[in-house]
Amino acid sequence: MTSTTGRLRVLDHAEVRRFAVKLDPPIAGESLLGFVTRSLASSPVHQTNQGLALAGIGKLTPTGLAVTLEDPQEIASLAKLLWTTPAEIEARLYRSGTLDNGRSAAIDFFGTMIRSDYREADLRRASPRALKISPHHRAVWDLKVFSFDPETRETLIDACPVCARKLCWRRAYGIPHCGWCLSDTYQAPTVDLRDFPQPIVEVDDAEALDFVTGLVDPDAGRRAEAAAKADRQMWAGTSASELFETVLAFACAFSMPPAEARTTLDRPKALEEYSRFTPDLLAASGRVVLDGPKGFAAACERVRADAGQRPGHYGVKKELLPLFCITVDQHLTDRTKKTIKDAIKVDMHRSGRDIALRRTDYRGDLNYLPIEGFVEQTGLQRRVFTRLADSGLVEVVTAADAEKAPRLMRIDQVMPLVPLYKASIHEKFAAGALDVPRHIMPNLVARGLVRRVEGPVLGMFESTDPYYVGEDIDRLAGAIAQRVEAGGVPDDAMRISKAVKRLAMTPIPWGAVVAAIAGGAAPVCTIPGDNKTWKTGGGTADLAAFLKAVRAEIRDIDAVVPDEFIGNATACEMLGITESFFIQIANHGLLTRRGPDPLRQFRQDEVAEFARTYILIPEIQRRAGLSRARDVCAWLLERGVKPEYVLGDGRHVVFRREQVEAKLANATEPAD
């Protein structure tokens with residue numbers, strides 16, 4: 001028997017059948033609505049409530065599914081429809097409960113009780129870079145507390161970059177796509193969110209930020225590992241749930257306007273109000289819990305610095321009002337509030353004993369400046385000079401026996417570093433400006449085309465990655481653009497991106513290519529059309545001369561990819577294939593994603609071993625002298641060679657090299 005809810009025809013549970021196409025199972029950390037949406041995208045149903053109706057669940061608004069799905073029959077029917085188990089559905093339900101204080105309404109978020117208010121139910125938020133790694137919705141994106149993806153540190157988006165409409169859960173056209181931008185003919189999604197990467201957040205204290213996100217990690221092991229990092233002296237026996245709530249209490253305290261007269265913490269409610277929980281603020285709040293008494297003393301100094309702006313108070317409320325508000329917060333346990341109250345008493349006693357020592361920052365030598373002085377004179381952020389002082393690369397003068405004292409650095413050592421810092425560019429962005437793989441940058445340094453930044457200025461950077469002289473990058477990019485533009489617009493030119501494949505080298509020797517073009521030896525020209533880079537917007541009308549010039553520049557370093565782990569682009573160059581083909585290879589399990597960096601997931605030696613074991617269509621086509629790629633399979637079948645793997649929709653084919661080499665022995669490669 002069926003029922004109707006509004007316009008929906010809801011199936012009886014006995015009528016529920018699996019979708020005809022086998023669906024992929026849920027992914028660790030994937031939300032329930034994310035799994036449902038991802039699954040429905042592979043079916044003919046593209047309205048979420050219609051898909052739920054096929055599982056015997058009548059919901060006009062599906063956003064409350066994870067908190068309202070309680071009927072065991074509905075859970076079993078949904079699992080059956082989507083080719084999974086009831087246990088997998090159960091694991092993604094947010095059962096209601098309370099925080100450790102026994103009062104505050106909460107939900108069970110994969111094993112951590114968090115306040116119900118922290119969950120964003122209506123909007124769908126996403127990280128384009130994370131979706132490129134795996135196109136599924138991470139449940140942690142539903143937490144208003146975080147404006148970024150913990151894995152990639154990319155800022156989350158909640159609206160389509162093209163149509164600007166909010167992403168929602170009512171349309172199931174796939175997690176990586178906008179559900180509003182559809183083709184007129186086939187109603188297929190036309191906007192892929194993965195094509196719109198967002199800024200990466202940078203914080204001074206990445207360890208503390210990882211600690212905060214780890215407390216609500218869906219993986220129980222990571223959650224326990226994070227909770228174990230909290231200082232045992234202050235937080236022994238405190239659950240991950242209470243630690244997370246304590247961190248957010250500190251975040252509320254740190255973001256309290258000093259001129260605002262309050263007696264309780266200002267807890268955000270709407271999503272936009274959580275914008276004040278910046279990654280730096282969350283990291284600073286996490287650091288308090290990580291460092292225990294030492295961290296709390298630093299928190300007191302941070303709050304005490306604004307005491308002069310707090311009207312109408314004296315004593316502890318004058319100096320530490322935001323922290324005092326934590327001791328009466330309704331969402332914390334009495335034990336946690338007592339811990340903080342006792343810590344405040346200790347700090348007030350300490351500050352009364354040696355406050356003069358901590359607050360003295362007069363300079364006896366005008367050759368030195370405190371960090372605040374350098375900030376005022378240069379306009380750079382305080383963190384830049386804090387890193388420099390911590391690096392040990394310049395002289396620092398401070399009171400070694402004081403718990404908190406100003407740190408002074410020599411003006412003549414620091415000020416010359418400022419213009420170098422401002423003019424430097426991170427390796428990732430330098431490679432992006434030149435449109436070359438990141439691992440090519442040392443190659444360009446070895447050729448004398450660009451310079452790497454060296455010396456004490458390195459202490460000012462957040463990352464230990466290489467940095468490059470910005471003017472060198474601009475000059476080299478300009479030289480390439482000038483050569484391409486000066487070559488005219490001939491009719492029969494071949495794009496550079498295609499011409500370099502005629503070198504028959506893996507990886508492509510981009511260092512030699514850049515050197516040949518920038519030096520004027522390689523004849524290049526302009527390719528008309530909407531081309532965004534010199535590889536596709538530039539070409540050559542004399543392929544033989546172009547290849548000769550590049551080969552003349554080739555050195556031993558061009559045959560080496562120095563990184564242990566590489567990304568998709570470099571792997572594609574090593575194999576001579578497109579990225580879509582490579583993703584099919586990885587998804588099929590022929591190569592394993594094991595790298596620690598989401599942008600460098602594959603071991604270089606494993607990609608090289610794959611190339612030695614298997615041979616792909618582009619290489620076969622070239623060596624067999626075939627004019628069309630689609631003729632390769634027929635050519636080999638005529639010679640008794642069948643594909644080892646047929647991937648995706650059948651367009652991507654992998655052959656075992658030892659079987660094909662014998663057939664290619666009599667084939668002649670076409671001349672350049």
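The values are calculated or read from the model by the stated rules, or taken from the named source; none is laboratory data. Source: prediction; values computed, not measured. Methodologically, a virtual Cβ is constructed for each residue, glycine included, from the backbone with ideal geometry; neighbour enumeration extends over all protein chains shown. The area values use the complete protein model at the heavy-atom level, side chains included, leaving out ligands, DNA and RNA. Shrake-Rupley method; radii C 1.70, N 1.55, O 1.52, S 1.80 Å.
Structure notes:
- Computed helical MRE - 222 nm, the chain, DSSP H runs ≥ 4 contributing -39500 (n - 2.57), nearest 500: -12000 deg cm²/dmol
- At most 15 other Cβ within 10 Å, DSSP loop - GluC sites (Glu not before Pro), segment 460-496: GLU462
- Equivalent ellipsoid dimensions for segment 423-554 as semi-axes, Å, which come from the Cα gyration tensor, largest first: 29, 15, 12
- Cleavage-rule hits, trypsin sites (Lys or Arg not before Pro), segment 47-113, DSSP coil, Cβ neighbours within 10 Å at most 15: ARG95, ARG103
- Normalised convex hull volume, segment 535-618, alpha-carbon set, Å³ per residue: 132 Å³
- Summarising the amide proton neighbourhood of GLN47: residues at separation of 5 or more, or on other chains, whose placed amide H is nearer than 5 Å comprise ALA172.
- Once backbone amide H atoms are built at 1.01 Å from N, PHE565 has GLN604 as its partners under 5 Å, excluding neighbours fewer than 5 places away on the same chain.
- Carbon and sulfur %, accessible surface of segment 592-672 computed with the full protein complex present, 1.4 Å: 46 percent
- With all protein chains modelled, accessible area of GLU273 [1.4 Å, Å²]: 80 Å²
- Solvent-accessible area of segment 495-571 (1.4 angstrom probe, protein heavy atoms only): carbon and sulfur portion equals 51 percent.
- Under a model in which nothing but the beta-carbon of Lys, Arg (+1) and Asp, Glu (-1) is charged, the chain shows a dipole of about 860 debye around its Cα centre.
- Extension gain for the segment VAL21 to GLU90, taken as residue separation times 0.36 nm less the Cα-Cα distance, is 22.5 nm to one decimal.
- Pair SER255, ALA446: separation of 7 Å Cα→Cβ label points (nm): 4.8 nm
- Amide H partners (placed H, <5 Å) of PHE109, local residues excluded: ILE114
- Given charges at Cβ of Lys, Arg, Asp, Glu: segment 186-290 dipole, positive-most of GLY214, PRO189, LEU243: LEU243
- Alpha-carbon radius of gyration plus Dmax, which is the widest Cα pair, for segment 588-649 in Å: 14.6, 44
- Solvent-accessible heavy-atom area per residue, rounded to whole Å², over segment 495-556 at 1.4 Å: 44 Å²
- Annotation: lysines with alpha-carbon distance below 30 angstrom to LYS345 (same-chain offsets under eight excluded): LYS229, LYS294, LYS317, LYS318, LYS337, LYS404.
- Length-normalised contact order for the chain - Cα pairs under 8 Å, 6+ apart - percent: 7 percent
- Segment 70-220, accessible surface, carbon-and-sulfur percent (1.4 angstrom probe): 48 percent
- Furthest towards positive pole of dipole, LEU664, PRO528, GLN601, structure part segment 523-672, Cβ charges: LEU664
- Cα-based Rg / Dmax (Å) for segment 414-487: 13.0, 46
- Straight-line cross-link reach from LYS642 at under 27 Å between alpha-carbon atoms covers these lysines, not counting any fewer than eight positions away in the same chain: LYS22, LYS501, LYS663.
- Distance distribution P(r), segment 127-278, all Cα-Cα pairs, bin width 10 angstrom from 0: 10, 32, 31, 19, 7, 1, 0 percent.
- Computed over every Cα-Cα pair of the chain and binned at 10 Å starting from 0, the pair-distance distribution P(r) comes out as 3, 12, 18, 21, 19, 15, 9, 3, 0, 0 percent.
- Rolling a 1.4 Å probe over the protein heavy atoms leaves GLU579 with an accessible area of roughly 70 Å².
- Heavy-atom SASA rank of HIS588, HIS46, HIS652 (probe 1.4 Å, accessible area, largest first): HIS588, HIS46, HIS652
- The smallest convex shape that holds all Cα atoms of segment 5-84, its convex hull, gives 89 Å³ per residue.
- Residue-by-residue Karplus 3J(HN,Hα) for segment 215-224, coefficients 6.51, -1.76, 1.60, Hz, glycine and proline x: 5, 10, 5, x, 7, 4, x, 5, 5, 5
- Relative contact order (percent, whole number), segment 580-660, Cα cutoff 8 Å, 6+ residue spacing: 28 percent
- Interatomic Cα distance distribution for segment 1-141, bins of 10 angstrom, percent: 12, 41, 34, 12, 1
- nm² value of the averaged projected area, convex hull over the Cα atoms of segment 196-278: 7.9 nm²
- Couplings 3J(HN,Hα) for segment 65-78, derived from phi with the Karplus relation 6.51 cos²θ - 1.76 cosθ + 1.60 (θ = phi - 60°), are 4, 5, 9, 10, 6, 10, 5, x, 5, 5, 4, 5, 5, 5 Hz, where x marks Gly and Pro.
- Sequence-ordered 3J(HN,Hα) estimates for segment 255-260 from the Karplus curve with 6.51, -1.76 and 1.60 and θ = phi - 60° stand at 9, 6, x, x, 7, 8 Hz, glycine and proline given as x.
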